[in-house]
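No value in this document is a laboratory result; all are computed from the given coordinates. Just so it is clear, the structure is predicted and the values come from calculations on it, not from any experiment. Cβ atoms come from the backbone with ideal geometry, glycine included; neighbour counts cover every protein chain shown.
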Amino acid sequence: MARHFLRLTDLSPVETRQVIERAIALKTQPDPAYRPFVGKTLAMIFTKNSTRTRVSFEAGMARYGGHALFLHSGATQLGRDEPISDTAQVLSRMCDIIMIRNDSQADQQELAANSRVPVINGLSDLHHPCQMLADLQCWFEHRGDPAGKIAAWIGDGNNVCHSWIEAAAMFGFTLRIATPKGYEPDPELVAAAGTHIELCTPDVAATGADLIVTDTWTSMGQEAETKKRLADFAGFQVDAAMMARAKPDAIFMHCLPAHRGEEVSTDVIDGPQSVIYDEAENRLWAQMALVEFLLK
């Protein structure tokens, strides 16, 4: 039976560490002759725009000697309401692995349930596990094992935040979450992570943190809410004063794209504590390690 990766906890803690360690090895010890997936095809389904997800998966498959197909909903039968189960059965007879980036975790689950091959969540409304693998890899690279450390999530309790919640329980660190009222993360996920999660104000979240992470206040599909969100998130910007509350060697992460001057000040995101470009690059290596794990 195919293994799928629709949320971080689809891998065990041991398997997740193995994938991260492999990602670091692929990055630090590149072997151009290693092309294990010649003749293999990755189908990439997109109903949402993408830069990092598309480029990293395509580049990764190219490095492995394989091929990636870009399938946009507006140019495929998915855009004409073909049942997801039909799409899954057809693609999984023609391709070796599938990645989907869409609005619905439930649709991803239906796709996986009807697929003969592994299905990867490239982003959904509830989770962004590939981003989390890249973020964890970045944290390991810059500061070592996160166990026992403190991360502060400042902003919207969104899909990326949900993946951070699962990571906190899996890797044994504390995640302090500061969101405006009405933007809290899924309470079931928070409850499942137990004492690893603290809901608090931005200043409390940042104090003594080893890492501060944020995301855009207005995600794709929420543009009509921009004016309201800018007002609701006042006081939640990660700026120099907030970083000063964290540990002196704290690092800053953002999954990108960023709106400088909104969720993060320019001096922070472009400053010496920011590791955003290492974080973005790691989408390539973490996903290569994940594809290798799922196919081999």
Given charges at beta-carbon only (K, R positive; D, E negative), |dipole| of segment 55-174 in Debye = 340 debye
Would you mind calculating the relative contact order of segment 130-279 from Cα pairs under 8 angstrom and at least 6 residues apart, reporting the percent as a whole number?
-> 24 percent
Given backbone amide H placed at 1.01 Å from N, residues whose amide H is under 5 Å from that of Met99, ignoring those fewer than 5 places away on the same chain, are Ala43, Met44, Ile45, Ile120
Residues of segment 254-277 with amide N under 16 Å of a point placed 7 Å along Cα→Cβ from Thr226 | 257-264
Going out from 0 in 5 Å bins, what whole percent of all Cα-Cα distances in the chain drops into each bin?
-> 1, 5, 12, 17, 18, 17, 13, 9, 5, 2, 0
At a Cα cut-off below 28 Å, give the lysines reachable from Lys227, other chains included and same-chain residues fewer than 8 away excluded.
-> Lys48, Lys181
How big is the shadow of the Cα convex hull of segment 178-296, averaged over all directions, in nm²?
-> 9.2 nm²
Tell me, rounded to the nearest percent, the portion of alpha carbon pairs in segment 3-112 spaced more than 24 Å apart.
-> 31 percent
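How long is the gain from Lys296 to His72 if the chain were fully straight, where each residue apart is worth 0.36 nm and the alpha carbon distance is subtracted?
77.9 nm
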What is the distance, in nm, between label points placed 7 Å from the Cα along the Cα-to-Cβ direction at Tyr183 and at Thr195?
-> 3.0 nm
In nm, to one decimal, how far is the modelled label at Ala147 from the one at Asp81, with both set 7 Å along Cα→Cβ?
-> 5.3 nm
Counting only C-alpha contacts under 8 Å and six or more residues apart, can you give the relative contact order of the chain as a whole percent?
-> 20 percent
At 7 Å along the Cα-to-beta-carbon direction for both Glu21 and Val55, put a label point, then send me their distance in nm to one decimal.
-> 3.1 nm
Once the Cα gyration tensor of segment 218-259 is diagonalised, what are the square roots of 5 times its eigenvalues, in whole Å and ordered largest first, as equivalent ellipsoid semi-axes?
-> 25, 13, 5
Rank by packing, highest mean first: peptides 28-38, 99-109, with packing defined as the count of other Cβ atoms within 10 Å averaged across residues.
-> 99-109, 28-38
Say R0 is 35 Å: what FRET efficiency, to the nearest 0.05, do Ala33 and Ala113 get from their beta-carbon distance?
-> 0.40
Debye, to nearest 20: dipole size of the chain, +1 on Lys, Arg Cβ, -1 on Asp, Glu Cβ | 740 debye
